[in-house]
Structure formats: structure tokens, C-alpha cells
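Reading through the C-alpha cells given below for one structure.
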């Protein structure tokens with residue numbers, strides 16, 4: 001994978017679609033990793049995830065997120081020792097978001113495989129922008145809430161809990177959705193071979 005330098009440090013380029021509006025109605029696969037991929041959230045025994053107190057905090061804050069964000073739904077979710085995976089679904093009202101090419105599948109709103117990308121605001125201000133009700137704003141709020149709780153529990157103010165960035169992917173069709181949903185469901189059973197397991201792969205979390 002190509003990498004570029006920023007302030008004399010190599011960075012992995014973002015996998016994000018440059019012209020996609022990440023507050024648009026769609027389904028998104030996200031992965032958020034802990035800082036240095038430290039196993040904070042529990043352990044896996046015989047293919048079953050046992051949450052630590054930190055892991056329980058992650059689970060509680062995750063549930064709270066969907067109580068206050070009416071446009072956001074969770075289709076699949078798993079907490080792993082040092083990361084989480086989820087399929088998130090944004091369903092904005094017609095009053096707040098442009099309507100895109102969609103199909104209905106199994107009671108879910110699905111992005112059509114040939115749907116054109118929803119163009120994001122491309123005006124450059126030099127300041128990182130998180131559109132309201134977007135995947136980025138959700139992840140930022142969730143990570144902040146978890147970090148605050150965990151650092152209070154372990155008395156480590158300002159210590160990072162998460163990697164600064166995260167990975168997201170816009171799901172384009174049913175086949176891809178089912179593949180990702182199966183991957184999430186089976187993730188604890190395949191932990192020994194998991195790419196995020198520090199013992200099997202030293203690569204950083206490719207993230208956004």
C-alpha cells in the first residue's frame with residue numbers, strides 16, 4: 001500500500017471515498033481499534049468473548065448512542081479484545097438529506113449497487129469538518145464518551161483509549177452486506193487468525 005509523509009511521518013492514505021457524503025442514507029461497515037491495539041475490552045475463550053469492565057463500558061456507551069441518535073441504527077456489532085466492528089445504517093428524513101437511488105431489501109434500506117456517489121461538501125477551509133449526523137460525528141462522540149469513562153475508572157486522565165482514526169466502508173449491495181455481517185458474527189471464533197490480533201499481524205489499523 002502506498003504511503004505518504006506528513007510532518008516527517010509516514011501515513012497510510014485514507015480509504016474513504018473522497019466524494020461520498022458520510023451523513024447520507026446508507027449502510028456502513030466500521031472498525032475502531034484501541035490505541036496500540038491494547039487488549040482492553042476482555043478476552044476470548046473457546047470462541048466466546050468475555051467482556052472486562054472496560055468492555056462493558058464500551059457496550060453501555062454503544063447502546064446509549066442509539067438512544068440519542070434517531071437517524072442511526074445498528075444492524076450488527078461485536079466487541080473484540082482490542083477493537084469493535086459494526087454495521088451502521090443511517091436513515092435520514094427527506095427534510096434533512098438529499099434522496100439517493102435506493103432499493104428495499106429484507107426490511108432494510110440498501111444502497112443500490114449502481115447508485116452514484118453522494119457528493120460531500122468539498123469546500124476546503126483547512127479545518128477538519130464532521131458533518132452533523134454523519135458516521136464521523138457519531139464515532140467521535142462515542143469514542144470520547146468511552147475514553148472519559150475508562151480513564152476515570154483507571155485514573156489515567158488524557159491517556160488515549162482509541163486509535164486516532166477509524167476504518168469505514170460504504171456497503172454497496174446485499175452480497176457484500178451478508179459477507180460482512182457473517183464476518184462480524186464469526187469474529188470471536190476466528191480471533192487467533194484475526195488481522196487485528198497483535199500476535200498475528202503487526203500492521204496498524206487502516207483507518208479514517
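The values are calculated or read from the model by the stated rules, or taken from the named source; none is laboratory data. A quick note: this is a predicted structure, and the numbers were derived from the prediction, not measured. Don't worry about glycine lacking a Cβ; one is built from the backbone with ideal geometry, like all the others, and counts go over all protein chains shown.
Observations on the model:
- Some residue of segment 61-72 being touching a helix residue (DSSP H, G or I) at 6+ places or on another chain (Cβ under 6 Å) and crowded, with 21+ Cβ neighbours inside 10 Å: no
- In segment 16-120, counting only strands (runs of 3 or more DSSP E) that sit wholly within it, the ones holding 1 or more residues that are at pLDDT 85 or above and touching a strand residue (DSSP E or B) at 6+ places or on another chain (Cβ under 7 Å) span 26-33, 42-45, 48-51, 72-79, 83-90.
- Filtering segment 138-163 to residues that are surrounded by 15 or more Cβ atoms within 10 Å (Cβ to Cβ), assigned to a helix (DSSP H, G or I) and in contact (Cβ under 8 Å) with a residue 40 or more places away in the chain leaves 138, 139, 141, 142, 143, 145, 146, 149, 150.
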